[in-house]
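Step one of this worksheet: look at the structure below.
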Amino acid sequence: MPRFLAGQGSGVGSAASLATLLSLEDSRGWTLVIDERGQDTGHEGIQDKPQVGHRLTPMSSVLRQYMHPATPATGRKRMSDTPLLYIGNKHYSSWSLRPWLLLREFGVDFDERLLWLHTPEFADAVARASPSRRVPVLHHAGRVIWDSLAICEYVNETWLGGRGWPAESDLRALARSAACEMHSGFPALRQQLPMNCSRQPDAYRWDAAAQADIDRVQALWAQLRQAAGPGDFLCGGFGIVDAMFAPVAIRFRGYGPELNPVSRAYVDALLALPGMQAWIAEGIAEPVRLAKYESLK
Ligand SMILES: N[C@@H](CCC(=O)N[C@@H](CS)C(=O)NCC(=O)O)C(=O)O
């Protein structure tokens, strides 16, 4: 399958010049794959705005196959009540994976629409679909729910009858704390070990801050596993807290940090989920690669 891997393009300094460049090139039938560098915005893996150094790559029919039609405007009622989840590239979008996996593992019927991150099409479509201009965002029954954790809570209330969290209140409090810590924390882990579905461990190493995040994740996992008793997942059976940590399993698989036996077993259990295997396979099959994440060696 052809692959669209961005190279080290010449720098384009500002968002304004980038927008001009993109619209010009887009009207000539090109799409882009961005090589981003620069400051992390604190968001998981994928950066907020292109920074410097990007190059445009011709769009092929292969990539067109993956492009989804224009999205309905925010607030416009869809004919179907089937929930519609907007996601980013499966290869990289760790935030998107979380609610997608929850829906999938609990067997909720849903439609998905993939918006290619860092394309002009993404900017247009996400502006219509999501008030935060980020994915994931869920449309259901005239409602728009954005942000991964809010979507998981909505899924839990609407389709899971509360099964997304442990029934026992002490364990539920722990699970919620861990899920929220994942949602708001671990910046060095997210920045230096971005999710990349096809990555294999190599000589690439991270700094002490990222290692401290890795250690903290493992301590958290051990605490929950000990509190929960039997079962493969953090609170026994799969739930929201596991969906929140699912991208970490892909990170650990791809970068190969040393893991204790409890963490190893948990990562293996997450990676063995049918939903995880499907997401990873579909991510690997995508025709887009972002050089920023592919060049971590
Ligand atoms: N806190 C949000 C973060 C969502 C987020 O940052 N999503 C990224 C993709 S993984 C995004 O949409 N970025 C927009 C962009 O790159 O332009 C959540 O939990 O859903």
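Starting from the Cα coordinates of region 129-178, work out the convex hull volume and express it per residue in Å³. Before the final figure, lay out each step's value.
Details: hull volume 3.6 nm³, N = 50.
Residue-normalised Cα hull volume stands at 73 Å³.
With a simple spin-label model that places each label point 7 Å from the Cα along the Cα-to-Cβ direction, the separation between Ala123 and Arg163 comes to 4.3 nm. Charged neighbours of Gly229, selected by a Cβ distance under 15 Å, balance to -1 (K, R count +1; D, E count -1).
Between Gln200 and Asp81, take the C-beta separation as r, use R0 = 51 Å, and let me know the FRET efficiency to the nearest 0.05.
Numbers: r = 42 Å, r/R0 = 0.82.
Approximately 0.75, to the nearest 0.05.
The residue list Tyr255, Trp279, Ala227 was ranked by how far each Cα lies along the charge dipole of region 169-281 toward its positive end, using unit charges on Cβ atoms, and Trp279 comes out on top. Projected over every direction and averaged, the convex hull enclosing the alpha-carbon atoms of region 84-162 yields 4.8 nm².
Dipole magnitude for region 84-162: about 200 debye, using +1 per Lys or Arg Cβ and -1 per Asp or Glu Cβ, origin at the Cα centre.
Summing charges over all other residues whose Cβ lies under 11 Å from the Cβ of Ala269, with Lys and Arg as +1 and Asp and Glu as -1, gives -1. Of Leu102, Ala129, Leu160, which is farthest on the positive side of the dipole of region 84-162, counting Cα position, with +1 on Lys and Arg Cβ, -1 on Asp and Glu Cβ, and the Cα centre as origin? Ranked along the dipole, the leading option is Ala129. If R0 is 45 Å, the Cβ-Cβ spacing of Ala272 and Lys297 corresponds to a FRET efficiency of close to 0.95.
So if we plug the beta-carbon distance of Arg133 and Asp215 into 1/(1 + (r/R0)^6) with R0 = 30 Å, what FRET efficiency do we get, rounded to 0.05? It would help to have the intermediate numbers written out before the result.
Details: r = 34 Å, r/R0 = 1.13.
Once rounded, the FRET efficiency stands at 0.35.
Per residue, the Cα convex hull of region 140-297 amounts to 129 Å³. Maximal additional length on extending the Asp170-Glu282 stretch stands at 36.6 nm, based on 0.36 nm per residue less the C-alpha distance.
We did not get these values from a lab; they are worked out from the coordinates using the rules stated. Only a predicted model underlies this, so the values are computations on that prediction, with no experimental measurement involved. Reconstructed Cβ throughout: ideal geometry from the backbone, glycine too, with neighbour counts over all protein chains shown.
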